[in-house]
Amino acid sequence: MNTQLKRMQRLLEIGRTLNSVTELRDALLLILGAAAELTDSFGASVLDPEPDEESLRFLVNTPDLQMLQTLLIPINESIAGLAFRKKETVVVNDISRAPLHSKRADELSGFPTRSVVACPILFRGEVLGILEVINKMGGADYTGEDVTMLETLAAHAAIAIQNAHLQQQLEETRDEAQRLDKMKTDFVAITSHELRTPLGLILGHSTFLRELIGEEHHEQLDTIIRNAMRLKEIIDNMTRVHNIQSGVASVRRRTVSVRKLVLDALAAVRKEAESKGITLGFDIEDSDLMIEGDADKIGIAILNVIQNGVAFTDQGGYVFVVAEEVPGYIKLTVKDNGIGIPTRDLNHIFERFYQVESHLTRKHGGMGLGLSVAKMNIELHGGRIWVDSAEGQGSTFTILLPLDADQAKAADKVFTS
């Protein structure tokens with residue numbers, strides 16, 4: 001087998017091996033070992049540009065010369081810097097004739113450089129670093145084949161470095177997302193706690209005043225009470241979110257009537273629906289339809305979904321609820337002919353504080369917590385909720401709830417598998 005074929009096979013082997021290497025340093029050391037071997041060089045290095053791009057720093061090298069780790073190589077006064085600036089490979093077979101050669105590395109390492117090839121590590125036109133080999137064995141000159149080997153390995157190095165950069169960005173993004181999520185959680189907990197007491201005083205005193213003063217002031221006080229109740233609903237939703245996320249919430253199962261849960265929810269939104277001329281309707285397959293679950297939490301979930309339908313349905317529209325038993329589950333469907341949900345928002349509407357409308361253009365109330373609370377309460381029971389919608393054509397929310405605790409356990413295994 002000739003030398004060139006052996007070199008190509010070695011390159012293929014390096015490429016396959018790199019696929020299983022996760023740490024950047026390990027990948028670069030593997031590449032450096034191959035670079036020194038395939039070009040028959042004394043040593044090899046990867047140099048990393050400093051943020052100001054005025055100097056290069058040794059990232060890894062072989063042999064491992066740790067004294068070089070703190071050394072800065074000026075870009076304007078070195079062969080590696082020339083390769084960096086020109087974005088092309090530089091070959092010097094007689095270092096004595098290279099005025100740009102920086103002798104700092106030679107002095108620190110004690111290994112004088114006789115010859116060098118500096119190859120830029122390029123990714124989409126950007127120089128990520130320099131792959132360099134020094135001192136061809138036996139005093140021979142570097143050849144075009146050596147350059148080809150080195151440029152191929154530099155391409156592998158570019159992918160390894162870029163992957164490391166992407167991984168770092170991913171981790172930073174994940175950390176930032178966790179930080180923001182904690183801020184949301186803290187905001188929900190603190191706000192709901194701090195607002196509850198003054199709001200209770202507002203409701204208590206305004207209700208008391210309504211009994212004392214004449215009817216001519218009832219309208220003003222009713223406005224205060226009505227809006228205070230809206231604020232109470234927002235705070236209650238925030239508290240529910242916090243309790244579920246902090247693990248405080250629990251499911252107290254008992255047998256409850258599905259018909260009663262639906263009718264109670266419809267009764268709670270009837271006044272708002274009538275003010276908008278929205279028709280409310282329901283179809284319950286069996287008047288004796290029962291489910292084992294936490295009545296309060298299931299009721300809140302159903303109410304929030306129906307409220308969402310009423311809020312986003314225009315004058316003269318409808319919201320219709322269907323309840324039926326399917327094998328092992330109760331299936332609830334809430335259908336409206338409202339404004340619908342844009343495709344881009346469908347995957348986000350169950351997220352906390354998510355609003356389909358911009359805060360500058362929105363005309364519907366709420367803080368984007370109702371559907372989030374509904375989803376959390378349904379999932380506490382081992383159930384699932386989803387939506388089918390098209391902008392301008394209305395929405396259909398489907399709730400699937402296990403009939404009992406045993407079915408909930410079985411469903412949890414299915415849904416998480």
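The values are calculated or read from the model by the stated rules, or taken from the named source; none is laboratory data. Worth saying up front: this structure is predicted, and the values here are computed from it rather than measured. Here the Cβ positions follow ideal geometry from the backbone for every residue, glycine too, while neighbour counts run over all protein chains shown. To get the accessible areas, we keep the full protein, side chains included, count just its heavy atoms, and leave off ligands, DNA and RNA. Shrake-Rupley method; radii C 1.70, N 1.55, O 1.52, S 1.80 Å.
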* Asked: Want the number for D406 to R179: 0.36 nm per residue separation, take away the alpha-carbon distance, what's left?
  -> 78.0 nm
* Sequence-distant or interchain residues sharing an amide H contact under 5 Å with S102, placed H: which? -> I79
* To do: Would you compute the Debye intensity of region 1-152 from its alpha-carbon atoms alone, equal scatterers and no solvent, and pass along log10 I(q)/I(0) at q = 0.09, 0.10, 0.20 Å⁻¹ to two decimals?
  => -0.26, -0.32, -1.36
* Residues of region 28-60 with amide N under 13 Å of a point placed 7 Å along Cα→Cβ from R114 -> 41-43
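So what is the accessible area of the chain per residue, in Å², with the probe set to 1.4 Å?
Normalised by residue count, the accessible surface of the chain is 55 Å².
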* Structure fact -> Calc'd 3J(HN,Hα), region 219-231, phi into Karplus 6.51 cos²θ - 1.76 cosθ + 1.60 (θ = phi - 60°), Hz, glycine/Pro = x, comes to 4, 5, 5, 4, 5, 4, 5, 4, 6, 5, 5, 5, 5
* To do: List the lysines whose Cα lies under 25 Å from the Cα of K331, skipping any in the same chain that are fewer than 8 positions away.
  => K260, K297, K375, K409, K413
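Please give the net charge around R174, taking every other residue with its beta carbon less than 14 angstrom from that of R174, where Lys and Arg add +1 and Asp and Glu add -1.
-3
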* To do: For D236 paired with E77, estimate the spin-label separation in nm (one decimal), with each label point 7 Å from Cα along the Cα-to-Cβ line.
  => 7.5
* To the nearest 0.05, what FRET efficiency results for E285 and E219 with a Förster distance of 51 Å applied to their C-beta separation? -> 0.75
* Phi-based couplings in Hz for region 37-50 (Karplus 6.51, -1.76, 1.60; Gly and Pro marked x) -> 5, 6, 9, 6, 10, 5, x, 8, 9, 10, 10, 10, x, 6
* Where labels lie 7 Å past Cα in the beta-carbon direction, separation of K331 and Y354 in nm -> 2.4
* In sequence order, calculated HN-Hα J values of region 297-314 (Karplus, 6.51, -1.76, 1.60; Hz; x Gly/Pro) -> 6, 5, x, 5, 4, 5, 4, 5, 5, 5, 4, 4, x, 5, 4, 9, 10, 6
* To do: Filter the trypsin sites (Lys or Arg not before Pro) in region 1-96 down to the DSSP loop ones having no more than 11 other Cβ atoms within 10 Å, then list what survives.
  => K87
* Structure fact -> Given backbone amide H placed at 1.01 Å from N, residues whose amide H is under 5 Å from that of G338, ignoring those fewer than 5 places away on the same chain, are G394, S395
* Counting only protein heavy atoms and using a 1.4 Å probe, what share of the accessible area of the chain belongs to carbon plus sulfur, as a whole percent? -> 52
* Residues in region 97-140 reached by a label modelled at T3 [backbone nitrogen below 14 Å; 7 Å Cα→Cβ] -> 136-140
* **Under 5 Å, built H, 5+ apart or other chain: amide partners of S55** => E50, I75
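For region 39-86, run through the GluC sites (Glu not before Pro) and keep only the ones in DSSP coil with at most 13 other Cβ atoms within 10 Å of their Cβ.
Passing both the DSSP loop test and the Cβ count: E53, E54.
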